[in-house]
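Please treat every number below as a calculation from the coordinates, not as lab data. Values in this document were obtained by computation on a predicted structure and should not be read as measured data. Here the Cβ positions follow ideal geometry from the backbone for every residue, glycine too, while neighbour counts run over all protein chains shown.
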Amino acid sequence: MAPSFDSQVLAQDATQNKKETALEKISQGTPLPGVPKFTNVELQRQHMLNHMAGAFRVFARHGFVEGMAGHISLRDPEFPDRFWTNPLGLHFGLINPSDMILVNEAGVAVGGNMTRPANAAGFLIHAALHKSRPDVNAACHFHSTYGKAWSAFAQPLEMLNQDVAMFYGKAQSVYREFGGVVLKEEESAALASALGSEGKGMILRNHGLLTVGTTVDEAAYLFLLMEKSCQIQLAVDAAAAAGREKVYIDDEAARFTFENTSEAESLYAEFQGYLQYESAISHDGYKAL
């Protein structure tokens with residue numbers, strides 16, 4: 001039996017009233033897939049660790065290696081009070097999923113790779129973030145070149161172009177203190193407080209950049225974007241010093257752009273191209289066998 005006229009109208013109304021996601025808005029035709037859903041926690045964990053290792057490989061190719069500095073944390077999908085992090089002293093370009101260390105809130109290794117230590121400063125920073133922000137499943141912190149350069153000014157990024165608008169308003173913050181290497185719980189708590197409840201990226205004075213996300217893909221893409229935005233900010237400021245006038249995105253346009261580009265699903269999709277390229281040139285070298 002054919003559906004009644006009323007049921008057809010109701011179905012049409014439901015479709016029309018359904019709010020489009022950011023991915024649907026930018027997809028002409030079939031939308032790009034967002035964050036995958038899993039019914040098996042082991043498969044979900046493996047997927048997450050594969051992408052975490054992939055993020056390190058991508059960052060290595062972007063030149064974010066600075067000795068032993070830099071770390072990513074990733075909340076475990078089964079045990080939310082534990083998170084995965086990278087081992088201290090292993091080059092980012094060599095990291096595999098099996099290298100990751102699972103630590104609890106006290107910093108004790110409870111799983112994964114038990115042959116290497118985690119970064120003590122990294123643990124303090126990330127533990128405080130994960131405690132204060134239950135919505136944050138992943139965080140990236142590295143001492144990248146342009147992030148370090150811009151951090152010397154202890155200023156937020158200006159709304160100079162469409163892409164940096166992903167850090168509009170409370171989505172970015174500045175940690176204006178620097179007390180040396182983070183080895184005290186008080187400073188790690190202050191860092192988490194400075195990020196705020198809505199922060200996606202933070203500039204750490206005289207230190208570097210930090211980004212967070214609901215997935216490691218989101219946090220990793222935001223880190224790449226924030227680093228590039230610091231590079232652009234420095235270039236624009238240099239040109240402005242020669243007498244050229246800056247033209248900013250107005251507040252309404254920046255807010256509109258932020259609202260239509262900063263969803264978790266969309267930011268996850270933004271990072272997939274980097275992983276696809278890394279997978280192709282490394283012949284899936286970073287994935288677990």
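Just a few scattered comments:
- For Leu209, the shell of other residues with beta-carbons less than 13 Å away shows a net charge of +2, using +1 for Lys and Arg and -1 for Asp and Glu.
- Stretched out straight at 0.36 nm per residue, the stretch from Asp81 to Ser98 would grow longer than its current Cα-Cα span by 4.1 nm.
- Residue with peak Gaussian network fluctuation, the chain [Cα springs, cutoff 10 Å], from Ala239, Ala138, Ala194: Ala239
- Fraction of beta bridges assigned by DSSP in the chain that are antiparallel (%, nearest 5): 85
- Added length on full extension, which subtracts the Cα-Cα distance from 0.36 nm per residue, Glu259 to Glu42: 74.8 nm
- By the count of neighbouring beta-carbon atoms within 10 Å, fewest first, His51, His126, His143 end up ordered His143, His51, His126.
- All other residues whose Cβ lies under 15 angstrom from that of His143 are scored, Lys and Arg at +1 and Asp and Glu at -1, for a net of 0.
- Simple spin-label estimate for Met114 and Thr145 gives 4.2 nm between the two label positions (7 Å along the Cα-to-Cβ direction from each Cα).
- Over 30 Å (Cα to Cα) - which of Lys131/Lys246; Lys37/Lys148; Lys25/Lys170 fall in this group: Lys131/Lys246; Lys37/Lys148
- Most mobile listed residue (Glu252, Glu177, Glu187) in the chain, GNM with C-alpha springs under 10 Å: Glu252
- In terms of other Cβ atoms within 10 Å, Asp250, Asp76, Asp217, Asp163 run from fewest to most in the order Asp250, Asp163, Asp76, Asp217.
- Counting every other Cβ atom within 10 Å of each residue's Cβ, His141, His47, His283 order from fewest to most as His283, His47, His141.
- Here is how the number arises for the chain: DSSP H runs of 4 or more residues each give -39500 (n - 2.57), the sum is divided by the residue count, and the result at 222 nm is -14000 deg cm²/dmol.
- When the Cα gyration tensor is reduced to axis lengths a ≥ b ≥ c, the ratio a/c is 1.5 or higher for the chain, and with a/b not above b/c it is classed as oblate.
- Spin-label model, Ala238 to Ser132: label points 7 Å out along the Cα-to-beta-carbon direction sit 3.4 nm apart.
- The length gained on full extension between Glu66 and Arg205, counted as 0.36 nm times the residue separation minus their Cα-Cα distance, comes to 48.3 nm.
- Tyr175 long-range amide H proximity, modeled H, under 5 Å: Ile203, Leu204, Arg205
- Of the chymotrypsin sites (Phe, Trp or Tyr not before Pro) in segment 197-289, those whose Cβ has at most 13 other Cβ within 10 Å and which sit in DSSP loop: Tyr248
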